[in-house]
Amino acid sequence: SVSAAFREHLRHLGLRDFPCSLGSWDKSRFHAGRSRRRGQPGSGADQAGQEEAVLLGQESPEARMELLRDPHSPWALLPACSPQDQRLREMAVLAPELVHGSSIFQVLQSLRIVGKDVEEVDKGLLQLEQLEELILSANHISRISSVNLPRTLKVLELCCNTVADLQDLCTQPPPELQHLGLGYNRLCGPLQDKYLTANFWPNLVSLDLSFNNFTDLLGLVSQLSSLQKLRVLVLQGNPLALIPAYRGFVVDSLPKLCILDDICIGPQERHQFHALARQPELIRRSEARVVVSVGEIKGVPDPRALQQLEVGSQAPVITYSYCVTYEF
């Protein structure tokens, strides 16, 4: 589950270990302890010895922050870690009380669980009351229930999973969601088209549907036209993107769109495709042709070299044959 992966992620961040958190290495902890001991009866020599022993292991917050930020430090995070991970570790130095126990659920705004074999989005996420960004790419999520998602979400990224149905996700979707990433999943139209409307996503600005199995361009665009705030759309990798008039039809059908398939839509392109949306017969009659050329093959014998060796030779001829399959 996402909750289990989150707990494991926190453990790897080492928020309770040096140089984070509180410990004998924390100078502020030492000074607080010394102030509490002040005025208590006892030997002055014993107290001085205790202070000297603690001083040997002290590190100021500034020094510990440097250990976290220096890329050559043994305590530096790996490059793949998110900026949120770094902020949590720095917070564990400056304000450790905010990242201990259930307090961390009140401060976390971004959660990134990528490639952790997660299958279930459980209700434990509801504890993250301030969560705005949830990235769950490259897992094994096939269904996701919106009742387990914080209502504060603005970004939901589910790229590279096995999502095939949006019904559960649209039961009670986060009302303020601005980006929905569903690229590289198993969505098929037209059954899923009806869930991509303003009734479910009134504030959606960015939508990624790339590399799924949407085939009905007219039906999908008709549903997407209700998303009045949509500015960024990715549809490449779907069968419908092979239609010759695909880009022009989408550009003219969604006049508020700014970026389609990572390419900005300029005034010249809008003028070029003007009124194309009023000619749906071009889409219905369209056929797609794909030309594949093989530029280089590695790892197999060169047949020309074999022919040169066989000139004038009485040895048996060895024939190689290869089969190349393309799946669409």
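The values are calculated or read from the model by the stated rules, or taken from the named source; none is laboratory data. Here the structure is a predicted model, which is why all the values come from computation and not from measurement. No Cβ is skipped: glycine too gets one built from the backbone with ideal geometry, and neighbour counts run over all protein chains shown. Keep in mind that these areas ignore ligands, DNA and RNA; they rest on the heavy atoms of the full protein, side chains included. Shrake-Rupley method; radii C 1.70, N 1.55, O 1.52, S 1.80 Å.
Among 234, 202, 271, whose Cα projects farthest towards the positive end of the dipole of region 186-277, with charges put on the beta-carbon of Lys, Arg (+1) and Asp, Glu (-1)? Result: 202, furthest along the dipole toward the positive end. Taking 7 Å steps out from each Cα toward its Cβ at residue 87 and residue 114 produces label points 1.7 nm apart.
Regarding region 241-294, what whole-number volume in Å³ per residue does the convex hull of its Cα atoms give? All intermediate terms of the calculation are to be shown ahead of the outcome.
Working: hull volume 5.0 nm³, N = 54.
Hull volume normalised by residue count: 92 Å³.
Using the 1.4 Å probe convention, the accessible area of region 183-298 works out to 57 Å² per residue with neighbouring protein chains retained. Split the accessible area of region 191-266 by element, probe 1.4 Å, and carbon with sulfur accounts for 58%.
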